[in-house]
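Undergrad: Below is a structure I'd like to ask you about.
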Amino acid sequence: MSDSTNPLRDPRDRRLPRIAGPCGMVLFGVTGDLSRKKVMPAIYDLANRGLLPPGFSLVGFARRDWANEDFAQVVHNAVKEHSRTEFREEVWNQLAEGFRFVPGDFNNDQAFSTLRRTIEELDEQRGTAGNHAFYLAIPPGFFGEVVGQLKEHELAEPSPGSWRRVVVEKPFGHDEDSARALNETLASVFPSGSIFRIDHYLGKETVQNILALRFANAMFEPIWNSNYVDHVQITMAEDIGIAGRAGYYDGIGAARDVIQNHLMQLMCLVAMEEPTSFDAESLRIEKLKLLSAACLPRRLDLTTARGQYAAGWQGGEKVLGFLEEDGVRKSSTTETYAAIKLNVENRRWAGVPFYLRAGKRLGRRVTEVAVVFKPAPHQPFTRAATEELTHNAVVMRIQPDEGMTVRFGSKVPGTQMEIRDVNMDFAYGGTFTESSAEAYERLILDVLLGDPPLFPRHAEVERAWQILDPVLDHWASKGKPEQYASGTWGPSSADAMLARDGRTWRRP
Amino acid sequence: MIELIDTNAAGIAAEFVASRLRAGSPAMSMVMTLVIVVDEEGSEDAMRVARQASHEHPARVLGVILGDGRGHPQINAQVGTGAGWTGETALIRLEGEVVRHAESVVLPLLLPDSPVAIWWPADPPADPAQDALGRLAQRRITDAAGATRRRSKAINAQCSAYAPGNSDLAWTRITPWRALLAAALDQQPLKITAGSVTAERISPSADLLVAWLSDRLKVKVVRKNSRGPGITEARLDSREGPIVISRRDGRLATFSSPDRPDRPVALKRRQLPELLAEELRRLDEDDVYAATARKLMKLHLS
């Protein structure tokens, strides 16, 4: 499949999209939220955009007494409800022809031999050519069993000229040891190049835009260092509570749920050095280098904060506190808000703290990276004139209303000479439904194409846990998280944490 | 929308700023100016298409309606922001002598230091790159399928007048066909010996597909007629057998290749907003279109 030999390909022909080669996907855990809300709609949207190969097949595997048609109905409902592109009967019919369902438990040998037969039949009937991705949309506790079965039934082994890949979702463990064990489980069956870990943040257009912003422009990179940057704040705030996910969330908490993966990956992209190219290997090297240089301050009691949302009002609605939610233990010490401070020990970032915070039931839903600059070294204006001038800032909004804000000082109209902050706002386009792909679409297509730059590797995952583990241990030994009122911006200890450094959190 | 009667370029520019301030959002992030040259009849549709495309490419959209060229010059305009647009928009009606000097109205309204694209939804000038308005733009988009006069010759005329920066929506329409054919050869690197493209009798897209295939594959590609809609089949022959993509209904195609089962594949005829959005994604010269246009002229002459 070399492009140079295909006379219809031309590197200058940038209109032609990449279409995955013949292949199929096997989905474990078809009834879960992830499958129904993300994976199935993304597959339909890809088909609708013409990016899936002709003959693409989807096999569902679950402990349900279903026929192929029942499975198709489940996918149909999921697509109708959650797909981003319009529903088109002919696309659906084309796709649905490739749906198969295999009923069975994960420990059922017979089910896996049926799976094997099904896949072989698809290769024959639909021309999937032996290329299959196994999407494990199931709790990590089952990974071992499933990949063991795949190995036993020789499903993980590609025949020459074809591929087998496995796709997993976070959580990638709950600490360094478990992450290592999880990786060993997967790596005992699949080679590391065939394991795709989905961190859907990395599939977002605006996250990729961070790289474009930093490395395609002349005007940001020269000031992107400790000479000019005062500190960096990375925020992921949600307005919702745990919303019925008590079983998963209680015992996990905000730090494990998002700081270890999404926020540390964002930090990598914001702070890493320029990669030599944008292939997977170069990106991995730079991200890992940055993570290796990142470390916690010595006094964790002064540089971290955690909280649990208490009952209150969020956005005009009366809401329960975390401990009153269904399924949460009354004595739970799981944090729903976490903030940590990280230092990066390299020449570019020495002395510039990175503050990472994540929480539920905060003021509003927003994910952003704010690079806050130092004040100008000298002000020719009087103190009074610049009273309302704070720090310059470049803010990259990841979601929602993707875009970028630049904050700088400007003269107040009509005054002698008074200066105050103004925000200049760039709204990222691409909401045009047909053309901007959702993160999952992008990532699933990349899996099928075997294009790995946007997937975190196990070394990054383990290093991120290594950084976070001491904080988790510290918290585990220090009683209960502080309560904060729902609909606010978190516990007072988080404000105190920044106040110690003479800084404040941005109101995002 | 604010109606400006008997105005000029400065009046329209001032209204842009005023409406921005009225909307309470003095900052805008537009990436280009899109000029649309259209007649009164087609203006509503064209502006609707541009509005949808503006969601992907925030732009200042200037619709220019060239009215009757006789008599006293008059400029009327509807100016606004918001209401489904991601940028600023003005629909400018010219009448009288100023019709022949439309560029004098448009030039002062171009966004500073950013690209300009121009689109003729119906009949384009014979040589878009030499047209007074066309010269202002680095991307000139015509639509041979939208021509109301001499339709069968429209794409030939555009190809013979080709200049860097020109492109035609007939070319944009075949991107999915080209993608599928290229993917077919990715999967099976066959040596192609001949080909054919079947389409309704007048189909500039089919003509371009023939030219592209014969240019890239260096083989004879035949153009055949069918009742449509649009392109109904593309076929590449090889010693191992043919690769065929056939589409009867303009929506769903069947993909066949040697030693592989036949497979259905969605291949929808795309609507104008999608085509325009694709066109505006890249504003530099389209080298592959240039080569294809040259080839089409050669095929036409031989």
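The values are calculated or read from the model by the stated rules, or taken from the named source; none is laboratory data. Everything numeric in this text was worked out from a predicted model, so none of it was measured. Every residue, glycine among them, receives a Cβ derived from its backbone with ideal geometry; neighbour counts consider all protein chains shown.
Undergrad: Would you mind finding the one in A:Thr405, A:Thr415, A:Thr334, A:Thr382 that is out of contact with any Cys (no Cβ under 8 Å at 6 or more places or on another chain), among the β-branched types (Val, Ile, Thr) and under 25 Å from A:Leu296 (Cα atoms)?
TA: Numbers: A:Thr405 fails: under 25 Å from A:Leu296 (Cα atoms); A:Thr415 fails: under 25 Å from A:Leu296 (Cα atoms); A:Thr382 fails: under 25 Å from A:Leu296 (Cα atoms).
Of the residues listed, the single one that is out of contact with any Cys (no Cβ under 8 Å at 6 or more places or on another chain), among the β-branched types (Val, Ile, Thr) and under 25 Å from A:Leu296 (Cα atoms) is A:Thr334.
Undergrad: Under the condition of being among the basic types (Lys, Arg) and touching a residue at least 24 places away in the same chain (Cβ under 8 Å), which residue from the range B:180-223 is surrounded by the fewest Cβ atoms within 10 Å (Cβ to Cβ)? Steps first, please.
TA: Taking the range B:180-223 and keeping what is among the basic types (Lys, Arg), we get B:191, B:201, B:216, B:218, B:220, B:223.
Subsequent filtering for residues that are touching a residue at least 24 places away in the same chain (Cβ under 8 Å) retains B:191, B:201, B:220, B:223.
On the way: B:Lys191: 12, B:Arg201: 10, B:Lys220: 13, B:Arg223: 15.
Among them, the one singled out is B:Arg201.
Undergrad: Can I ask one more? Of (1) over 25 Å from the mean Cα position of the chain (by Cα); (2) surrounded by 14 or more Cβ atoms within 10 Å (Cβ to Cβ); (3) within 14 Å of another protein chain (Cβ to nearest Cβ); (4) of a type outside the set (Ser, Thr, Tyr), A:Ile419 satisfies all except one. Which?
TA: All conditions pass for A:Ile419, except number (3).
Undergrad: Could you count how many residues in the range A:404-452 are outside any strand (DSSP E or B), at pLDDT 80 or above and hydrophobic (A, V, I, L, M, F, W, C)?
TA: 9
Undergrad: For the condition within 20 Å of the chain's Cα centre (by Cα), on the phi < 0 side of the Ramachandran plot and surrounded by fewer than 16 Cβ atoms within 10 Å (Cβ to Cβ), what is the one hit in A:Ile259, A:Ile240?
TA: Details: A:Ile259 fails: surrounded by fewer than 16 Cβ atoms within 10 Å (Cβ to Cβ).
Sole residue among the options that is within 20 Å of the chain's Cα centre (by Cα), on the phi < 0 side of the Ramachandran plot and surrounded by fewer than 16 Cβ atoms within 10 Å (Cβ to Cβ): A:Ile240.
Undergrad: Mind telling me which of the residues B:Glu41, B:Glu56, B:Glu15 ends up being of a type in the set (Asp, Glu) and within 12 Å of another protein chain (Cβ to nearest Cβ)? Before you say what the answer is, go through the steps one by one.
TA: On the way: B:Glu41 fails: within 12 Å of another protein chain (Cβ to nearest Cβ); B:Glu15 fails: within 12 Å of another protein chain (Cβ to nearest Cβ).
One residue alone meets the criteria, B:Glu56.
Undergrad: Quick one: count up the residues across the range A:2-28 that are under 30 Å from A:Glu120 (Cβ atoms) and at pLDDT 90 or above.
TA: Of the residues in that region, 6 qualify.
Undergrad: From the list B:Ser246, B:Ser256, pick out the single residue that is within 22 Å of A:Gly21 (Cβ to Cβ), out of contact with any helix residue (DSSP H, G or I) (no Cβ under 6 Å at 6 or more places or on another chain) and either within 10 Å of chain A (Cβ to nearest Cβ) or surrounded by fewer than 17 Cβ atoms within 10 Å (Cβ to Cβ) (or both). Give the steps one after another, and end with the answer.
TA: Values: B:Ser246 fails: either within 10 Å of chain A (Cβ to nearest Cβ) or surrounded by fewer than 17 Cβ atoms within 10 Å (Cβ to Cβ) (or both).
Exactly one of B:Ser246, B:Ser256 is within 22 Å of A:Gly21 (Cβ to Cβ), out of contact with any helix residue (DSSP H, G or I) (no Cβ under 6 Å at 6 or more places or on another chain) and either within 10 Å of chain A (Cβ to nearest Cβ) or surrounded by fewer than 17 Cβ atoms within 10 Å (Cβ to Cβ) (or both), namely B:Ser256.
Undergrad: Could you pull out the residue among B:Gly87, B:Gly82, B:Gly71 that is at pLDDT below 80, surrounded by fewer than 19 Cβ atoms within 10 Å (Cβ to Cβ) and either within 14 Å of chain A (Cβ to nearest Cβ) or more than 25 Å from B:Arg135 (Cα to Cα) (or both)? Spell out how you get there, then give the answer.
TA: Working: B:Gly87 fails: surrounded by fewer than 19 Cβ atoms within 10 Å (Cβ to Cβ); B:Gly71 fails: at pLDDT below 80.
After ruling out the rest, the residue left standing is B:Gly82.
Undergrad: Taking the stated definitions as given, is B:Val37 under 20 Å from B:Gln271 (Cα atoms) and not aromatic (Phe, Trp, Tyr)? I'd like the intermediate steps shown before the answer.
TA: Working: under 20 Å from B:Gln271 (Cα atoms): yes; not aromatic (Phe, Trp, Tyr): yes.
For B:Val37, the condition - under 20 Å from B:Gln271 (Cα atoms) and not aromatic (Phe, Trp, Tyr) - is met.
Undergrad: Do we find that B:Thr232 is surrounded by 19 or more Cβ atoms within 10 Å (Cβ to Cβ), within 14 Å of chain A (Cβ to nearest Cβ) and in contact (Cβ under 8 Å) with a residue 12 or more places away in the chain in this structure?
TA: no
Undergrad: Here's another thing I want to ask about it. Applying the selection to the range B:158-210, what residues are among the charged types (D, E, K, R) and over 12 Å from the mean Cα position of the chain (by Cα)?
TA: Of the range B:158-210, the ones among the charged types (D, E, K, R) are B:168, B:173, B:178, B:186, B:191, B:200-201, B:207.
Result: B:Arg178, B:Asp186, B:Lys191, B:Glu200, B:Arg201, B:Asp207.
Undergrad: Can we say A:Gly307 is modelled with pLDDT of 95 or more, more than 17 Å from the chain's Cα centre (by Cα) and over 22 Å from A:Glu176 (Cβ atoms)?
TA: On the way: modelled with pLDDT of 95 or more: yes; more than 17 Å from the chain's Cα centre (by Cα): yes; over 22 Å from A:Glu176 (Cβ atoms): yes.
Yes: the conditions hold for A:Gly307.
Undergrad: Further question on the same structure: Report yes if some residue within the range B:110-124 is touching an Asp or Glu at 6+ places or on another chain (Cβ under 8 Å), away from chain A (no Cβ under 14 Å) and over 30 Å from B:Lys153 (Cα atoms); otherwise report no.
TA: The answer is no, given that none of the residues of the range B:110-124 is touching an Asp or Glu at 6+ places or on another chain (Cβ under 8 Å), away from chain A (no Cβ under 14 Å) and over 30 Å from B:Lys153 (Cα atoms).
Undergrad: Which members of the range A:196-227 meet the condition of being surrounded by fewer than 17 Cβ atoms within 10 Å (Cβ to Cβ) and hydroxyl-bearing (Ser, Thr, Tyr)?
TA: Matches in the range A:196-227: A:Ser226 only.
Undergrad: If you don't mind, there's one more thing I want to ask. From the list B:Thr193, B:Thr142, B:Thr172, B:Thr198, which residue is under 28 Å from A:Gly161 (Cα atoms) and among the β-branched types (Val, Ile, Thr)? Step through it out loud before you land on a result.
TA: Working: B:Thr142 fails: under 28 Å from A:Gly161 (Cα atoms); B:Thr172 fails: under 28 Å from A:Gly161 (Cα atoms); B:Thr198 fails: under 28 Å from A:Gly161 (Cα atoms).
Going through B:Thr193, B:Thr142, B:Thr172, B:Thr198 in turn, the sole match is B:Thr193.
Undergrad: B:Arg51 fails exactly one of the following numbered conditions: (1) within 14 Å of another protein chain (Cβ to nearest Cβ); (2) at pLDDT 90 or above. What is the number of that condition?
TA: In the conditions (1) within 14 Å of another protein chain (Cβ to nearest Cβ); (2) at pLDDT 90 or above, B:Arg51 misses (2) alone.
Every residue, every condition in (1) in the same structural domain as A:Pro158 (by TED's automatic domain parsing); (2) surrounded by fewer than 22 Cβ atoms within 10 Å (Cβ to Cβ); (3) modelled with pLDDT under 90; (4) more than 21 Å from A:Leu443 (Cα to Cα), yes or no:
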site	(1), (2), (3), (4)
A:Ile43	yes, no, no, no
A:Leu46	yes, no, no, no
A:Pro53	yes, no, yes, no
A:Gly60	yes, no, no, no
A:Val74	yes, yes, no, yes
A:Asn108	yes, yes, no, yes
A:Ala111	yes, yes, no, yes
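Undergrad: From B:Val35, B:Val61, which residue is β-branched (Val, Ile, Thr), surrounded by 15 or more Cβ atoms within 10 Å (Cβ to Cβ) and more than 14 Å from chain A (Cβ to nearest Cβ)? Full working, then the answer.
TA: Working: B:Val61 fails: more than 14 Å from chain A (Cβ to nearest Cβ).
Every option except B:Val35 fails the conditions.
Undergrad: Residues being more than 16 Å from A:Ala370 (Cα to Cα), assigned to a loop (DSSP other than H, G, I, E, B) and β-branched (Val, Ile, Thr): count how many of those fall in the range A:316-360.
TA: So the answer is 4.
Undergrad: Considering only residues of the range B:148-178 that are part of a loop (DSSP other than H, G, I, E, B) and either within 20 Å of B:Glu278 (Cβ to Cβ) or in contact (Cβ under 8 Å) with a residue 40 or more places away in the chain (or both), which is nearest to the other protein chains (Cβ to nearest Cβ)? It would help to see each step written out before you state the result.
TA: Pass one, the range B:148-178, residues part of a loop (DSSP other than H, G, I, E, B): B:148-150, B:161-165, B:174.
The next check asks that each one be either within 20 Å of B:Glu278 (Cβ to Cβ) or in contact (Cβ under 8 Å) with a residue 40 or more places away in the chain (or both); those that pass are B:162, B:164-165, B:174.
Details: B:Tyr162: 16, B:Pro164: 13, B:Gly165: 15, B:Ile174: 10 Å.
Of everything passing the filter in the range B:148-178, B:Ile174 is nearest to the other protein chains (Cβ to nearest Cβ).
Undergrad: So which of A:Gly161, A:Gly127 ends up being more than 26 Å from A:Asp33 (Cβ to Cβ), of a type outside the set (Phe, Trp, Tyr) and surrounded by 19 or more Cβ atoms within 10 Å (Cβ to Cβ)? Give the derivation first.
TA: Numbers: A:Gly161 fails: surrounded by 19 or more Cβ atoms within 10 Å (Cβ to Cβ).
That would be A:Gly127, the only listed residue that is more than 26 Å from A:Asp33 (Cβ to Cβ), of a type outside the set (Phe, Trp, Tyr) and surrounded by 19 or more Cβ atoms within 10 Å (Cβ to Cβ).
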